[in-house]
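A short worksheet on the structure shown next.
The values are calculated or read from the model by the stated rules, or taken from the named source; none is laboratory data. This one's a predicted model, so the numbers in the text were calculated from it and none came from an experiment. Here Cβ is always computed from backbone atoms with ideal geometry, including for glycine, and neighbour counts include all displayed protein chains.
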Amino acid sequence: MDSGEQTLLVILVAFVAGIAIDRLWRFAKGRGLPEQQSDGADSMHYILGLDLLASRQIDRAVTELTMAARKNTDAVAIYLILGNLLREKGQIERAIQIHQGVLHRPGLSKDERAHALLCLGMDFKRAGFRNRALDTLREVLALEPKNAYALSSLIKIQEEEQDWREALDTLARLSDVTGESNPSLEAFLHDRVGLASVAAGNDAKAAKAFEEAIRIQSRLAPPHLHLGDLRLQQGRLQDAETQWLSYAKDNPRFAHLVFDRLHAAREDGDRLEKMEEFYRGVIEVDEKDWRARLALARMKRAQKDPAAAFELLMEAVHHNPHALAVHLEVWHALVEAGGEVERIQTYLDEVADSAYFIDPYVCMSCNYRTNGILWRCPHCQEWDTFVEERVETVDHN
Ligand SMILES: [Zn+2]
């Protein structure tokens, strides 16, 4: 499911489950519509529209809901949904018009106003009018301080505005409302506060923010990496190394994230010999780690030890034959060694034995990968969904 569909589903759930049906009937029955009109064709258009929406036939849903809206101009819910669908289809101006139209109606209840404002806020957000979206969402929250959807939308916009502190405050409000915390997001936001503080030259505040992020969710790499960067920048080389090494030790699968930093710092400090010990340690903990082998092979090549480099690279190919980075390193090594036929043969054998996806295809429906084209996906059972999977090439123009 892509993010557009997810957005649509959120809207669908929010409105269908929350207000739409109940509201429509209250409107149709209670607001003085003639009975024959409310029970007739207009509600059929409405129900059909919702059905089409649920099966994601958006254009037909818009047609039906437009007809329902025309025949039942009093029904706020239909207009809100219709506006949301038009927004999802990219017709943002029309969505804004419809939602503003609802807001101009006399006699709206407080929660109708809040919902209409929320929809309008989403329109503004989608249109890129972030300030108007912010103002509108704040209006929603003034009416409904515990509107979780408005709070999470507000966080997204505050992130786009890089108002990390404010996003943290909103996240705290959201957690109070839902009773659920979001430690990853909280940690990432603290990390961003830290980066912003580094850029502003406030090291103490930055360090505090990174440490807070680590305290909240220590498995996330960025705050560890950034705190190390800060220490290095302050000339505290040993503290930087300790920070990175402890992260790598606690998260062996992500140890490679510190390779380049640690390597550069130790190269400057003329202590590169310690890197081999480090890479060997990573391989010992995770024997399939191809990145440590690749990095160590690069070191060996630089140290003019092509035999050791080649051996490490063959192990790396074996553990991940689909990483182009490894093959590039092999080709460099082979060229440097003068194209020895025996090594080339060893390499070819290793690739032929290890690589499954020689000619990779991927299912567009479920991302199932296969070697060669299939006409029916064995994973999601859809027909004609496979496309060739290609590595992106660099555009030199
Ligand atoms: Zn599939």
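Observations on the model:
- Filter result for Val341 (of a type outside the set (S, T, N, Q), loosely packed, with under 14 Cβ neighbours inside 10 Å and over 24 Å from the mean Cα position of the chain (by Cα)): yes
- Test result for Arg219, of a type in the set (Lys, Arg) and assigned to a loop (DSSP other than H, G, I, E, B): yes
- Test: residue in region 243-261 that is closer than 16 Å to Phe188 by Cα and touching a Gly at 6+ places or on another chain (Cβ under 6 Å): no
For every residue, the table says whether it meets (1) part of a helix (DSSP H, G or I); (2) more than 18 Å from Ala297 (Cα to Cα); (3) in contact (Cβ under 8 Å) with a residue 40 or more places away in the chain.
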position: Ala316; (1), (2), (3): yes, no, no
position: Ala352; (1), (2), (3): yes, yes, no
position: Phe357; (1), (2), (3): no, yes, no
position: Cys366; (1), (2), (3): no, yes, no
position: Leu374; (1), (2), (3): no, yes, no
position: Val394; (1), (2), (3): no, yes, no
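- Of the residues Glu389, Glu382, the single one that is outside the structural domain of His327 (by TED's automatic domain parsing), surrounded by 12 or more Cβ atoms within 10 Å (Cβ to Cβ) and touching a residue at least 24 places away in the same chain (Cβ under 8 Å) is Glu389.
- Pairs meeting the criteria (first residue in region 45-62 and small (Gly, Ala, Ser), second residue assigned to a loop (DSSP other than H, G, I, E, B), beta carbons under 9 Å, at least 6 apart or on different chains) are Ala61/Ser55.
- When each of Asn251, Asn320 is tested for being closer than 28 Å to Gln217 by Cβ, modelled with pLDDT of 90 or more and not assigned by TED's automatic domain parsing to the domain that holds Pro223, the lone residue that passes is Asn320.
- Evaluation of Val102 against (1) more than 25 Å from the chain's Cα centre (by Cα); (2) modelled with pLDDT of 95 or more (one fails), failing number: (2)
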